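The values are calculated or read from the model by the stated rules, or taken from the named source; none is laboratory data. Predicted, not measured: the structure shown is a model, and the values here were computed from it. Note: ideal-geometry Cβ built from the backbone for every residue, glycine included; neighbour counts use all protein chains shown.
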Amino acid sequence: MEPLLRDFFEHDNNDQNPLIKRIFGSYEDFETKLKTVFGEINKKRTTEKQLAKFKQTGSALHYTAQFRQIILQLH
């Protein structure tokens, strides 16, 4: 991340790399880049949130398969 931050702080908006503009242009892009570089910081908590929001929207077989994929991340 250091080269990206350096480019962001050392150059004005017109001289920045398009990647830098995209990453620092929105929080979602910034968060995606951080996760790409460092991985999921709290995978357990993310999985717990995913499980809390989980609802059956199709067949019981499909629901069961998705449920198992989620809980496998929790070990």
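Some points to look at:
- Boolean, THR36 is in a helix (DSSP H, G or I) and in contact (Cβ under 8 Å) with a residue 12 or more places away in the chain: no
- Among the numbered conditions (1) more than 16 Å from the chain's Cα centre (by Cα); (2) in a helix (DSSP H, G or I); (3) loosely packed, with under 11 Cβ neighbours inside 10 Å; (4) at pLDDT below 85, the only one that ARG45 does not meet is (1).
- When the stretch 39-63 is filtered for residues that are free of Cβ contacts under 8 Å to residues at least 12 places away in the same chain and aromatic (Phe, Trp, Tyr), only TYR63 remains.
- Count of the stretch 26-40 residues which are charged (D, E, K, R) and either touching a His at 6+ places or on another chain (Cβ under 8 Å) or loosely packed, with under 13 Cβ neighbours inside 10 Å (or both): 4
- Each residue in the stretch 8-25 was checked for being in contact with an Asp or Glu (Cβ under 9 Å, 6 or more places away or on another chain), buried (at least 16 other Cβ atoms within 10 Å of the Cβ) and assigned to a helix (DSSP H, G or I), and 2 of them qualify.
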